[in-house]
Amino acid sequence: MDRQGELNIIRAAYAKQILAAAGVRANARLEAALRATRREDFLGAGPWWIFRRFPDYVTTPAADPVYLYTDDLVGILPERKINNGQPSLHAHLIHEASPAAGAHVVHIGTGTGYYTAILAHLVGPSGRVTGIEYESELAARAKANLLAYPNVEIVEGDGALVSFDKADVIYVNAGCTRPAESWLDRLADGGRLILPMTPYQGFAQGFGTKSTGRMASFGAVFRIERRGKDYLAYWISPVAIFPCAGNRDDVSERALAEALAKGGWQNVTRLYRNQEIPEERCWLRGSGWCLAYS
Ligand SMILES: C[S@@+](CC[C@H](N)C(=O)[O-])C[C@H]1O[C@@H](n2cnc3c(N)ncnc32)[C@H](O)[C@@H]1O
């Protein structure tokens with residue numbers, strides 16, 4: 001068997017292992033997307049930096065793509081601790097977002113494009129993905145890596161400020177302390193926003209303190225679904241993720257840290273865009289919005 005044949009088998013096993021690690025029991029479309037997408041095409045030349053022994057990276061023993069088919073983060077700008085995210089986390093979140101064939105997905109924080117490619121596979125030729133990346137170098141790498149994907153457009157900029165068409169899925173890959181108004185406005189009826197909320201900017205230090213039990217930068221991911229004027233919301237995952245540039249502020253960061261400390265995020269059912277919800281129904285209140293229990 002030639003090398004590509006071997007890697008195809010490795011990718012097929014990886015797709016199954018990642019869905020199992022994510023607790024996703026049956027999602028043949030996502031399994032096919034993981035199987036079809038070559039992670040090595042998005043991570044530059046090897047050997048690669050694997051974020052395995054917190055807080056440090058280890059390099060792969062060789063520039064052999066086999067080392068990329070594990071459930072590990074891989075540095076894309078390792079000096080800044082910007083990583084290609086953990087496959088099982090993304091499998092879980094993408095499963096929750098459930099992008100259908102023909103959908104418009106907006107991917108905020110594309111990095112170098114690996115999960116953008118998986119989303120493009122899921123929406124297929126009748127759908128499209130708008131990827132927004134803040135870091136110029138990463139946006140340029142994503143554009144180059146995704147040239148073969150006619151249904152993907154990469155835009156360099158701040159995902160909270162760049163304008164985009166109504167979206168069926170908004171998939172945010174950076175830690176926020178509040179939802180951007182534009183994301184809530186531009187979610188199509190029935191659309192899903194995947195929103196990671198993380199309390200502290202000190203992401204890299206957060207990993208450093210993990211062993212002390214101080215879950216400094218660990219936060220919560222919410223799935224927010226638009227139903228007309230209403231927004232249904234529920235918690236889907238814990239998360240540690242690189243902070244969003246913008247879409248964070250001291251006041252909402254403090255409020256989020258307090259809400260996480262008191263617990264109860266699993267009981268959130270709604271996001272409201274007003275100030276009228278009584279205190280006892282709010283898990284987290286921001287200016288003009290809240291995540292609430294009913
Ligand atoms: C955890 S990395 C994930 C990258 C990519 N999703 C992956 O897994 O390979 C977070 C990414 O979000 C980007 N980012 C942070 N704030 C952003 C913003 N406001 N708009 C767009 N991208 C942003 C960062 O530059 C970084 O590339």
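Here, each number is a calculation from the coordinates, and none is a lab measurement. On a predicted model such as this, the values are computed, not experimentally measured, just so you know. Neighbour counts are summed over all protein chains in view; Cβ atoms, including those assigned to glycine, are modelled from backbone coordinates with ideal geometry.
Would you kindly derive the ³J(HN,Hα) couplings of segment 134-151 from the backbone phi angles with the Karplus curve 6.51 cos²θ - 1.76 cosθ + 1.60 (θ = phi - 60°), listing them in order in whole Hz, with x for Gly and Pro?
6, 7, 3, 4, 6, 4, 5, 5, 4, 4, 5, 5, 9, 4, 7, 10, x, 9
Among Phe222, Phe164, rank each residue by its count of other Cβ atoms within 10 Å, from fewest to most, as a rough exposure measure. Spell out each step's value before the answer.
Details: Phe222 22, Phe164 17.
Neighbour counts put them in this order, fewest first: Phe164, Phe222.
Can you sort Val24, Val172 from fewest to most other Cβ atoms within 10 Å of each residue's own Cβ?
Numbers: Val24 17, Val172 26.
Starting with the residue having the fewest Cβ neighbours, the order is Val24, Val172.
Once you've got the GNM for the chain with C-alpha springs shorter than 10 Å, pick whichever of Leu43, Leu73, Leu195 has the biggest mean-square fluctuation.
The residue that fluctuates most here is Leu73.
Please order Ile9, Ile108 by the number of other Cβ within 10 Å, starting at the fewest.
The most exposed by this proxy come first: Ile9, Ile108.
From the P(r) of the chain, can you give the percent of Cα pairs sitting at distances over 26 Å?
Numbers: 18233 of 43071 pairs.
When every Cα pair of the chain is considered, 42 percent fall beyond 26 Å.
Within straight cross-link reach of Lys81, meaning Cα distance under 30 Å, which lysines are found once same-chain residues fewer than 8 apart are removed?
In chain and number order, the partners are Lys16, Lys143, Lys210, Lys262.
What percent do you get for the relative contact order of the chain when only Cα pairs under 8 Å and 6+ apart count? Intermediate results must be reported in sequence, preceding the final value.
Numbers: 618 pairs, mean separation 33.9, N = 294.
For the chain, the relative contact order is 12 percent.
Going by the alpha-carbon gyration tensor, a ≥ b ≥ c the square roots of its eigenvalues, is segment 1-143 rounded (a/c under 1.5) or, if a/c is not under 1.5, prolate (a/b greater than b/c) versus oblate?
oblate
For segment 1-158, what is the relative contact order in percent, using Cα pairs closer than 8 Å and at least 6 residues apart in sequence? Mind dumping the intermediate values first?
Working: 268 pairs, mean separation 29.3, N = 158.
Reported relative contact order: 19 percent.
Between Gln266 and Ser98, what FRET efficiency comes out of the Förster formula 1/(1 + (r/R0)^6) with R0 = 25 Å and r the beta carbon distance, rounded to 0.05?
On the way: r = 21 Å, r/R0 = 0.82.
My answer for the efficiency is 0.75.
Any idea how far apart Ala140 and Ser126 come out in nm if each label point goes 7 Å out from Cα toward Cβ?
The modelled label-to-label distance comes out at 3.8 nm.
Report the residue, chosen from Lys16, Lys143, Lys229, that carries the largest GNM mean-square fluctuation when the chain is represented by alpha-carbon nodes joined by springs under 10 Å.
Lys229
Report, in deg cm²/dmol and to the nearest 500, the calculated mean residue ellipticity at 222 nm for the chain, where each DSSP H run with n ≥ 4 adds -39500 (n - 2.57) and the sum is divided by the residue count.
On the way: 8 runs with 84 residues, N = 294.
One gets -8500 deg cm²/dmol as the mean residue ellipticity at 222 nm.
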